[in-house]
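Written below as structure tokens is the structure these notes are about.
The values are calculated or read from the model by the stated rules, or taken from the named source; none is laboratory data. The structure displayed is predicted, hence computed values, not measured ones. Virtual Cβ from ideal backbone geometry, glycine too; neighbours counted across all protein chains shown. Heads up: the accessible areas ignore ligands, DNA and RNA and are worked out on the full protein's heavy atoms, side chains in. Shrake-Rupley method; radii C 1.70, N 1.55, O 1.52, S 1.80 Å.
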Amino acid sequence: MIRVGFLTSGGDCQSLNATMRGVAKTLYQTYDDTEIYGILEGYKGLIYGNYRKMKPSDFSGILTEGGTIIGTSRQPFKKMREPDENGLDKVKAMKDNYKKWGLDCLVILGGNGTHKTANLLSEEGCNVVTLPKTIDNDIWGTDITFGFQSAVNIATNAIDCIHTTAASHGRVFIVEVMGHKVGWLTLHAGIAGGADIILIPEIPYDINSVVKALEKRNKQGKKFSILAVAEGAVSKEDAALSKKELKAKKREKLYPSISYQIGQEIQERTGQEVRITVPGHTQRGGGPGPYDRVISSRLGSAAARLIIEGKFGYMVGFRNGEIVPVPLNDVAGKLKIVNPESSIIKEAKGLGICFGD
């Protein structure tokens, strides 16, 4: 018999259910007596002892279902060592529940913050296997995260839909794509959607360069332009500020988001009409696309194999087309960013895409 706890933490995304299904189906195929505990609402459930015992039927029909059937929540890693409002030691509570339930392993699906806490639990003696979830694709140690490609599909569709109205009215449209710290989603959706300008956090922009690119298109007789802007895009002036100064500036909240600031500056400098579109949480919603269903099934099955082999303290990653175990302590605390000198950026520039630098 084997007893495993499933936990999904952080922001939801497509393919969480598909990945859990991959783990569960492989375990059920291997062991005649498999118990799976669905830990409810992420680390909150592990802290406060909330779970439900799952059945094989719970994992049927969820390959195409978005969200997470066991719920999720955000529990910041930096507060994990702090007692809750009632003085509860969160780390001790998680370890106690792990032991109380008699778990052989915790399967944790999440992003960067989730992996920090997962590594903490591993170091505290819990058997842990993790899976890389985020639409941002920013987890170190894996070429791709599940949820990313489905989000690219949605963001690209938003840009595709904007093209017709932008062309009809001869306007500048800004499509704001999710991504506070990294620009993978904006970069891929921008290229796929035919954006003329792509602004990402890793390449601070100069508004003069953006305006110059728009004016060049106008001179070429192109009456509309589309910008794909990451929500974490930053100007060169702001990038030069200290963290404290930048936080103070953001607290002023002069604009709803960076896209509105860029839009106003473009309108003032060029006289062109500018419209802002923010797809927002639609990028995390809906069911997973075919690519994510395949990658999630593979990752989930590989995670189950690690459990079967008794190999714990690993994240299941995807590198060069193959599934590989990556030590958790190598993953925790690291961010996979877009390299401004990478080939994909150079190739995009070769296509005439402006990055504002």
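So here's what we get for this one:
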read-out: For the stretch 276-357, the Rg and Dmax computed from alpha carbons only, in angstrom; value: 17.7, 51
read-out: Overall form of the stretch 200-333 per C-alpha gyration tensor (a/c, 1.5; a/b vs b/c); value: prolate
read-out: Rounded to 10°, Cα long-axis angle of helix 112-123 versus longest principal axis of the chain; value: 30
read-out: Cross-link table Lys44/Lys250; Lys181/Lys216; Lys90/Lys334; Lys216/Lys247, entries beyond 32 Å C-alpha to C-alpha; value: Lys216/Lys247
read-out: Within the accessible area of the chain (1.4 Å probe), percent carbon and sulfur; value: 48
read-out: Convex hull projection area averaged over all views, the stretch 113-154, Cα basis, nm²; value: 3.1
read-out: Overall form of the stretch 132-207 per C-alpha gyration tensor (a/c, 1.5; a/b vs b/c); value: oblate
read-out: Candidates Lys92, Lys116, Lys243: whichever shows maximal mean-square fluctuation once the chain is modelled as a Gaussian network with Cα springs under 10 Å; value: Lys243
read-out: FRET E, pair Lys244, Glu309, Förster distance 35 Å, beta-carbon r, rounded to 0.05; value: 0.15
read-out: With Cα atoms, 0 to 90° folded angle of helix 148-169 axis to the chain main axis; value: 20
read-out: 4 °C / 1.567 mPa s Stokes-Einstein diffusion coefficient of the stretch 1-97, Kirkwood radius on C-alpha pairs, µm²/s; value: 91
read-out: Candidates Asp238, Asp84, Asp330, ranked by Gaussian network fluctuation over the chain, Cα under 10 Å, top entry; value: Asp84
read-out: Folded to 0 to 90 degrees: helix 290-308 orientation relative to the chain principal axis, Cα; value: 30
read-out: Value of Rg/Rh across the stretch 6-160 [Cα atoms, Kirkwood radius]; value: 0.98
read-out: Value of Rg/Rh across the stretch 122-274 [Cα atoms, Kirkwood radius]; value: 1.05
read-out: Long-range HN-HN contacts of Gly317 with modeled amide H, under 5 Å; value: Val324, Val326
read-out: Average accessible area per residue (Å²) across the chain - probe 1.4 Å, nucleic acids and ligands excluded; value: 45
read-out: Directionally averaged projected area (convex hull, Cα atoms, the chain), nm²; value: 18.8
read-out: Along each principal axis, Cα extent of the stretch 258-304, largest first, Å; value: 57, 17, 15
read-out: The stretch 90-133: C-alpha gyration tensor shape, a/c 1.5 cut-off, then a/b vs b/c; value: prolate
read-out: Set Lys78/Lys244; Lys53/Lys100; Lys116/Lys253 screened for pairs whose C-alpha atoms are more than 21 Å apart; value: Lys116/Lys253
read-out: The chain: most fluctuating residue of Ala302, Ala93, Ala155 per GNM, C-alpha cutoff 10 Å; value: Ala93
